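For reference, the structure is listed below as structure tokens.
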Amino acid sequence: LCVGIFLSLGKAASKTKPFLIGLAVACALIAVFHIYMQRPDLAAITVLRLVSTTLMGIALTLTTRHTGLLAVFAWLLSPLRFLGVEPERLSLQVALMLRFTEHFFVLWRRLDDAHRLRTGKAGGFKILAPLTIQMLIAARRVADTLHMRLRR
């Protein structure tokens, strides 16, 4: 059912090929591990759960604007206000997580492309340090901006 819903997205789903390759590799590794541990039933269950949640997550983010998604998330969390939880703050954290995940992959691709142009080979683990540094710089910049805006 999840694969069918995902495939119904058509052209929009074709842009997610790199994510699907990563998903296939992760599923294969998980399946091999569980089969090695002599639990093929657990391998099947785990892989099916991973595939279905990932495909539904991708479908949700492809078909829903961030603002709409965050508004629904804040509404769902609004009953927690009685416990002292601020739903707006949690929805902002989810927005930042989604944005930084996208930024991570864009930055990773840029660094890998730059490394590939210089050396002719994929970056692999060699770009991990520059990627980490760039992500920390971006996180710090966003944190400083939020601090200044929320202080007013």
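The values are calculated or read from the model by the stated rules, or taken from the named source; none is laboratory data. What you see is a predicted model, and the numbers here were worked out from it, not measured in a lab. Positions of Cβ are backbone-derived with ideal geometry, glycine not excepted, and every protein chain shown enters the neighbour counts. For the accessible areas, the whole protein counts, side chains as well, though only heavy atoms, and no ligand, DNA or RNA atoms are used. Shrake-Rupley method; radii C 1.70, N 1.55, O 1.52, S 1.80 Å.
Things worth noting here:
- Among the helices of the chain, those built from whole DSSP H runs whose Cα atoms reach 20 Å or more along their own axis and whose mean Kyte-Doolittle hydropathy is at least -1.0 are 17-36, 40-63, 87-119, 128-151.
- For the chain, the solvent-accessible area works out to 77 Å² per residue, with a probe of 1.4 Å and every protein chain left in place.
- Dividing the mean sequence gap of close Cα pairs (under 8 Å, 6+ apart) by how many residues the stretch 1-116 holds gives a relative contact order of 21 percent.
- Per-residue ellipticity at 222 nm computed for the chain from its helices equals -27500 deg cm²/dmol, with DSSP H segments shorter than 4 residues left out and the rest contributing -39,500 (n - 2.57).
- Among Leu83, Leu131, Leu48, the residue with the largest mean-square fluctuation in a Gaussian network model of the chain, with springs joining Cα atoms closer than 10 Å, is Leu83.
- Judged by the gyration tensor of its Cα atoms, with axes a ≥ b ≥ c, the stretch 1-140 is oblate; a/c meets the 1.5 cut and b/c is at least as large as a/b.
- Whole-percent carbon and sulfur share, accessible surface of the chain, 1.4 Å: 69 percent
- Sparsely packed loop sites in the stretch 1-92 (the trypsin sites (Lys or Arg not before Pro) outside DSSP H, G, I, E and B with at most 16 other Cβ atoms within 10 Å) comprise Lys15, Arg65.
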